[in-house]
Structures are given as structure tokens and as C-alpha cells.
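See below for the structure under consideration.
Rule-based calculations on the coordinates, nothing more; no lab input. Predicted model, so just to flag it, every value in this text is computed and none were measured. Counting neighbours? That spans all protein chains shown, and the Cβs are built from the backbone with ideal geometry, glycine included.
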Amino acid sequence: MDSFIKKLSVKTLNSTLIFIIVFVFLTVSSACYYSLRRIDTDEFWEIHSYQVSENINILLLNMEDMETGQRGYIITGHQNFLEPYDAGYNNITNTFSILQKLTIDNPVQQNNLITLKVLIDEKVTELKDSMSLRTNIGFDAAKDHILIGNGKKKMDSIRVLIAKMQTEESRLLKIRTEDLTKINKITELIIIIGSIIGFLFYLLVNYIINNFVIGKIVKKSLFDKEQQANKELQSINLAKDEFVSIASHQLRTPLTALKGYTGMLLDGDVGSINEKQREYLSEIKNANDRMIKLITSLLNVSRVDLGVFTVDPELINFEEISQSVLKELESSIKDKKLHIKTNFEKNIPLLSADPKIVRMVFQNLLSNAVKYTPPEGSISLNIKKEYPDLVISVKDTGYGIPEAVKLKIFTKLFRSDNARIKDPNGTGLGLYIIKATIEQTGGKIWFDSKENKGSTFYVSIPLDGMKKKEGFKRLE
Ligand code: ADP
């Protein structure tokens with residue numbers, strides 16, 4: 001779920017959240033609205049049942065009033081005892097029509113009312129007959145008429161029918177009350193569930209906003225800042241590389257002049273010099289050479305970092321170049337009494353490679369082997385084909401590289417402590433330059449080493465030749 005949400009963009013997340021909020025809100029509010037409507041309807045029918053029941057009772061009371069009035073008149077013969085009769089008689093029609101309207105929806109009650117009307121009419125006729133006998137003939141005649149019992153029977157039938165109608169209405173009332181209770185409970189439940197869903201939803205939205213939306217916005221702004229910082233860093237680096245390149249050029253010119261003039265002085269071109277002067281001039285020359293070497297390395301680093309160096313392959317003989325580099329190192333090799341072995345596989349073809357770069361590789365690997373091997377140690381140089389590459393390896397019995405720093409060996413300016421102690425003059429730039437260069441021409445560089453036992457550095461170059469690269473400057 002989390003990973004799914006993470007994949008969504010802030011825009012999609014927003015639209016999804018809004019959709020879910022609207023959906024939940026509409027569902028809960030529709031359910032509430034429906035329930036409240038049902039409550040209204042059920043309440044209406046409940047009240048309706050009470051009204052029907054009440055009017056049925058009024059009807060019975062009307063009939064009883066009429067009977068009471070009739071009895072009073074028959075016993076007394078006085079008109080004023082007819083009052084309840086008249087009141088009942090006047091009300092009954094009105095009550096009856098109310099009941100008809102109220103029960104219009106219920107065929108059972110409508111049928112009951114039809115029967116009731118007949119019974120009431122018959123009862124009213126019977127009441128009128130007895131009262132007419134009292135008026136016209138006298139008490140006994142009316143009494144005999146009552147004693148026949150027809151009036152009582154009609155009244156009993158009316159009571160039974162009214163009881164039946166009340167039972168029907170009670171049954172409806174019970175159903176409606178139960179319905180109302182049920183709907184009330186459902187409404188309560190919907191409100192509770194709605195509130196819980198609302199609350200859970202609030203927590204969910206909160207969680208999503210805190211963990212994803214804000215996270216994404218923060219991440220995006222961090223990403224933007226990082227991009228900006230990277231751009232700034234790149235332009236600072238570029239400016240720095242350009243500065244190093246220009247500064248190195250400017251520095252190299254006076255140093256080259258210095259080299260030329262010290263050389264002339266040492267060679268006695270402007271007169272002979274004594275031993276002390278030769279010693280000092282030699283010191284100046286060595287220091288100047290080291291400085292030129294460092295500046296050349298810095299220039300190469302800036303060309304590598306700016307990516308402006310050229311690779312211009314031509315057919316070359318690797319053996320020859322390596323031999324010439326060994327010659328350059330002859331005096332140091334002699335000074336340290338090192339044993340040099342070379343092993344060149346037969347029939348190594350001429351290879352398409354940049355001579356400057358190949359020379360730089362041999363210079364770096366062989367001079368390192370010479371620098372970091374104690375006197376009387378051995379160095380062996382091997383060149384052989386290992387399809388699809390030509391592999392150069394330089395093995396020494398020197399100080400080796402400590403395990404802890406092996407991963408840093410190719411980084412810019414890195415020097416291991418043991419090397420620094422033995423030879424303070426290194427720059428930590430040689431391996432960085434040749435790794436970057438070799439890799440950009442399709443080759444590889446790696447090494448094996450054991451501290452105090454020795455190291456072997458390998459460089460592979462495709463037998464197909466180095467890749468050509470356009471640029472502004474060659475490496476030096
Ligand atoms: P430099 O030799 O001028 O210090 P390099 O880039 O050529 O710079 O080498 C970087 C570091 O790698 C060296 O300072 C040294 O610590 C280690 N190194 C390179 N070649 C050897 C080797 N043959 N034996 C032991 N250490 C080596």
C-alpha cells in the first residue's frame with residue numbers, strides 16, 4: 001500500500017483524496033437523509049393510527065350519548081333529557097366522515113366502516129322508533145319496544161365491530177411503532193458508523209498528507225535544491241579546473257626557463273663552476289624538475305576532469321615504448337640496485353593506441369615500482385595478449401599497499417602512509433590520471449598487492465585499439 005501511494009504523483013494523490021472524501025461524505029449523508037425521511041413517514045403513520053383509534057372511540061361515545069338521551073326521555077318524557085341524544089346524533093356524521101378519510105388507505109377499516117354505518121343507521125332507527133312510541137302512545141309502549149331487545153343487540157354488534165376496528169388499528173400501530181424503533185436504531189447506527197468512518201478517514205488523510213504529500217513536496221524541494229547545488233558545484237569545479245589549467249600554464253613557462261638556464265650553468269656554457277656551485281645548482285635543478293612534473297600532472301588532471309583531452313591513436317610498438325621508459329629510469333634503478341626482468345610475448349602486433357598515453361602508463365607503473373620497492377628488490381614487466389586485450393603488468397617486490405586503503409588508491413591526491421614515509425615526493429595524481437584515461441579509451445586498470453610483499457599493477461588495452469577521442473589538448 002505504502003509503495004503504491006509512493007508511486008502516485010502529488011496531483012493524483014490529491015484528486016484521489018478529494019474523490020474519496022466526496023464519496024464518503026455523499027454516502028453517509030444520503031444514508032442519514034434516507035433514514036430521517038423514513039422516521040418522518042413512520043411518525044406520520046403512528047400519529048395517524050392514534051387519530052383513527054381516537055375517532056373510533058368518539059364514535060362509540062356518540063352512540064352511547066344517544067342511547068343515554070333516549071333512555072332519559074323514555075323514562076321522564078321530558079324533552080330536555082334528549083340533549084345527549086341530539087349532541088351524539090349531530091356529532092356522529094362528522095366523526096364518521098373523519099374516519100372515512102383517515103382510513104382511506106386501509107381497505108379493512110373501510111369495509112368495517114360500511115358495516116358500522118349500516119349498524120348505526122339501524123340503531124338510530126330503533127332509537128327513534130322507541131322515542132316516537134313514548135311521545136305518541138306512552139311509557140309502556142316504549143318500554144315494551146325496548147324489552148324486545150333489538151336495540152341492545154344492535155348496540156352489542158356496534159361495540160363488537162368497534163372493538164374489531166380498534167384491534168386492527170392497534171395492530172397497525174404496533175407495526176408502525178416497531179418500524180419507527182427500527183429506523184431510529186438504523187439512523188443511530190449510520191450516524192455512529194459515519195462518525196467512525198469520518199474519524200478513520202481523517203486519520204488516513206492525515207497519515208497520507210504527513211507521510212506522502214508533505215514527504216513528496218519536501219523530497220521534491222530537496223531534490224530541486226540538490227540539483228541546484230549540483231549545478232553550482234559543477235560550475236565551481238569547472239571554474240577550478242580552468243583556473244588550474246591556466247595557472248599551471250603560467251607557472252610552467254618561468255620554470256622551463258629556469259630549467260634551461262640551470263642546465264646551461266651546469267654544463268659550463270657560461271664558464272666553469274666549482275664543486276659547491278655544482279652541488280647547489282643540482283639541487284635547484286632537481287627541485288625545478290619536481291615542480292615541472294607536479295604542474296604537468298595538475299595540467300593532465302584538469303584536462304581529464306574537464307574531459308578536454310585528446311586520444312589520437314596510431315600504430316605503435318608497446319615493447320619499444322616500455323624499453324625507452326626503462327631507460328629513462330635507469331639511474332634510479334642503478335642507485336637502488338633493482339633487478340629488472342622483462343617478458344614480452346612474441347608476435348605482439350603493432351597496436352592502434354595514443355603513444356603519449358601509453359608512455360604515461362609505463363612511466364607511472366614503472367616509476368611507482370621503482371619508488372616503492374626497497375633497494376635490491378625485483379621488478380618484472382610483462383606484456384602479453386589475453387584476448388580480446390593486450391595486458392601489461394608490472395610486478396614488484398616492494399612495500400605493497402595496506403588492505404585498509406586499497407579502495408582509495410585510484411582517488412585524486414591519495415597516497416598511502418607507508419609510501420609517503422618511503423618517498424615524500426609523490427603527488428597522488430599518476431594513478432588517478434591513467435585510470436580515467438585508460439577507461440575512456442576502452443581499457444581497464446587493476447592491481448593485486450600485499451603489504452611488505454609487493455604489488456602487481458595490470459592495464460588492459462583492447463587489441464582492436466584505443467577509441468579515438470576529439471579534444472583540445474593532448475596529455476603530457
Ligand atoms: P604517487 O606515486 O606520485 O604518490 P600515484 O597516483 O602514482 O601517485 O600513486 C598513488 C599511491 O598509490 C602512491 O602514493 C602509493 O601509496 C600507492 N602505490 C602506487 N603504486 C604502488 C606500488 N607499486 N607499490 C606500493 N604502493 C603503490
For this session: Assuming R0 = 35 Å, can you tell me the calculated FRET efficiency for the pair Lys11 and Ile193, based on Cβ-Cβ distance, to the nearest 0.05?
Result: 0.65
Seminar exercise, completed: The farthest towards the positive end of the charge dipole of the chain, of the residues Phe309, Tyr89, Gly400, given +1 on Cβ of Lys and Arg and -1 on Cβ of Asp and Glu, is Gly400
Exercise. So which aspartates and glutamates can Lys473 reach, going by Cα to Cα under 17 Å and dropping same-chain residues fewer than 8 places off?
Worked result: Asp241, Glu242, Asp305, Asp312, Glu314, Asp354
Exercise. Are there GluC sites (Glu not before Pro) in segment 274-377 that DSSP puts in a loop and that have at most 15 other Cβ atoms within 10 Å, and which ones?
Worked result: Glu345, Glu376
Problem set entry | Helix 318-328 axis, angle to the chain major axis (alpha carbon atoms, nearest 10°) | 60 degrees
Problem set entry | Helix 214-266 axis, angle to the chain major axis (alpha carbon atoms, nearest 10°) | 10 degrees
Exercise. Whats the longest run of the chain with zero trypsin sites (Lys or Arg not before Pro) that are DSSP loop and have at most 10 other Cβ atoms within 10 Å?
Worked result: 1-336
Exercise. If one computes the Cα centroid of segment 239-311 and of segment 449-476, what distance in Å separates the two points?
Worked result: 25 Å
Exercise. List the aspartates and glutamates whose alpha-carbon lies under 14 Å from that of Lys123, not counting same-chain residues fewer than 8 positions away?
Worked result: Glu64, Asp65, Glu67, Asp156
Problem set entry | Test item: Cα-centred dipole of the chain, Lys/Arg +1 and Asp/Glu -1 on Cβ, debye | 2420 debye
Exercise. Once every DSSP H run of n ≥ 4 in the chain is given -39500 (n - 2.57) and the sum is divided by its residues, what mean residue ellipticity at 222 nm do you get, rounded to the nearest 500 deg cm²/dmol?
Worked result: -24500 deg cm²/dmol
Problem set entry | Of Lys406/Lys467; Lys336/Lys395; Lys240/Lys469; Lys341/Lys435; Lys337/Lys435, pairs whose Cα-Cα distance is over 19 Å | Lys406/Lys467; Lys240/Lys469; Lys341/Lys435; Lys337/Lys435
Problem set entry | Within straight-line cross-link reach of Lys216, lysines at Cα separation under 21 Å, skipping those fewer than 8 residues along the same chain | Lys6, Lys7, Lys11, Lys225
For this session: Using the structure shown, list the pairs from Lys259/Lys327; Lys285/Lys408; Lys293/Lys327 with a Cα-Cα distance above 26 Å, or answer none.
Result: Lys285/Lys408
Exercise. Taking Cα atoms, how many degrees apart are the long axis of helix 150-208 and the longest axis of the chain, rounded to 10 and kept between 0 and 90?
Worked result: 10 degrees
